[in-house]
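The values are calculated or read from the model by the stated rules, or taken from the named source; none is laboratory data. Because the structure is predicted, anything quoted here is derived from the model rather than measured. So basically every Cβ, Gly included, is an ideal-geometry build from the backbone, and we count neighbours across all protein chains shown.
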Amino acid sequence: MMGLRIGYVTGPAEPMFHIKKLRYCVALCPSNLGQVAALAALDCPQEESDRLYREFRQRLEMLYLGISQISGVICVRPQGAFYAFPNMKWFGLSSMDLAIRLIEEAGVMTLPGTEFGPYGEGYLRLSVCAKRDQLEMGIDRLIKFAKDFSRG
């Protein structure tokens, strides 16, 4: 439930005790909106959940294959999220500078890897949460930006 910061975890009592203490340090409780959305998600028919899962898997594969075409870019195939986190160090720009140039020059919105800590430098987070046609356009623009950049 992206952005709502809600979920659950189960496990043996001893680790759960410590996880619960850590959770209290991060957030006391989920928002009202998050709680209502979680209840609705639990009531979602399985066939609808399956349809959404397949759609996001297809989008993720499309994104992965698209960025894998870019020479010098390294990306591990995503397995459990709707994001890719490619290594973009080939561009020779900081994550922030690359993200800004992609917005300004290609019309592609990304998130600099440094938003996830110092080890994210040189990476970008790319999401598949846009509509399929928007995702295709973003991939095409990213590939064109990389080609133009290498000629540059």
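If the condition is being among the charged types (D, E, K, R) and either in a helix (DSSP H, G or I) or crowded, with 18+ Cβ neighbours inside 10 Å (or both), then the stretch 124-152 contributes Arg125, Arg132, Asp133, Glu136, Asp140, Arg141, Lys144, Lys147, Asp148, Arg151.
For the stretch 17-34, the criterion of being in contact (Cβ under 8 Å) with a residue 12 or more places away in the chain, in a helix (DSSP H, G or I) and farther than 30 Å from Phe149 by Cβ is met by at least one residue. Would you check if there is a residue in the stretch 35-47 being in contact with a Lys or Arg (Cβ under 8 Å, 6 or more places away or on another chain), more than 21 Å from Gln79 (Cα to Cα), part of a helix (DSSP H, G or I) and not basic (Lys, Arg)? No - not one qualifying residue is present in the stretch 35-47.
As for the stretch 42-52, it holds no residue that is more than 22 Å from Gly7 (Cα to Cα) and not assigned by TED's automatic domain parsing to the domain that holds Tyr8. When residues in the stretch 97-123 are screened for being touching a strand residue (DSSP E or B) at 6+ places or on another chain (Cβ under 9 Å) and either surrounded by fewer than 19 Cβ atoms within 10 Å (Cβ to Cβ) or hydroxyl-bearing (Ser, Thr, Tyr) (or both), 11 of them pass. Kindly evaluate Met88 against the criterion of being touching a strand residue (DSSP E or B) at 6+ places or on another chain (Cβ under 8 Å) and over 19 Å from Gly3 (Cβ atoms). Here the answer is yes, as Met88 does meet what is asked. The residues of the stretch 1-16 that are at pLDDT 85 or above and part of a loop (DSSP other than H, G, I, E, B), listed by number, are Thr10, Gly11, Pro12. Note on the stretch 70-117: among residues that are assigned to a loop (DSSP other than H, G, I, E, B) and polar (S, T, N, Q), the one that is farthest from the chain's Cα centre (by Cα) is Ser71.
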